[in-house]
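*Asks:* There's a structure below that I have some questions on.
Rule-based calculations on the coordinates, nothing more; no lab input. In this text, all values refer to a predicted model and were calculated from it rather than measured experimentally. Glycine gets a Cβ as well: all are built from the backbone with ideal geometry, and neighbour counts include every protein chain shown.
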């Protein structure tokens, strides 16, 4: 845990959120600034800066379990029929605002392309 990381503090229960799911590997919660009717963030319980930092076996395991939880959350929220989007931003130009690996689960409407 990094004490100055908001997502680490959410994982630790220090900051209240509307949780959707929690496992030993990750926490899913509703985004406070939703960009779609359904917008959930899924964060690993272990601090990893972003997907680029998942460059070893431990990082692959963390990233893989985070994506798996994101897919389970999408199913739990009823997004399978219409579809959904998973997004991982890396770095400021990629739109990453919190330096902790996280997956956005977006659904409930048709997504446009290109996304940005």
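*Asks:* Can you tell me which residue in region 27-42 is farthest from residue 67 (Cα to Cα), limited to those that are without any contact (Cβ under 8 Å) to a residue 60 or more places away in the chain and crowded, with 18+ Cβ neighbours inside 10 Å?
*Replies:* For region 27-42, the residue satisfying everything is 29.
*Asks:* Can you pull out every residue in region 1-13 that is closer than 25 Å to residue 76 by Cα and in a loop (DSSP other than H, G, I, E, B)?
*Replies:* 12, 13
*Asks:* For residues in region 14-26 being outside any loop (DSSP other than H, G, I, E, B) and touching a residue at least 40 places away in the same chain (Cβ under 8 Å), which is nearest to the chain's Cα centre (by Cα)? If you could, list the steps in order and put the result at the bottom.
*Replies:* Just the residues of region 14-26 that are outside any loop (DSSP other than H, G, I, E, B), to begin with: 19-22, 26.
Now restrict to residues that are touching a residue at least 40 places away in the same chain (Cβ under 8 Å): 20-21, 26.
Numbers: 20: 12, 21: 12, 26: 9 Å.
The extreme case among them is 26.
*Asks:* Sort out which residues of region 51-94 are over 23 Å from residue 18 (Cα atoms) and in a loop (DSSP other than H, G, I, E, B), and write them in order of number.
*Replies:* 54, 55, 56, 81, 82, 90, 91, 92, 93, 94
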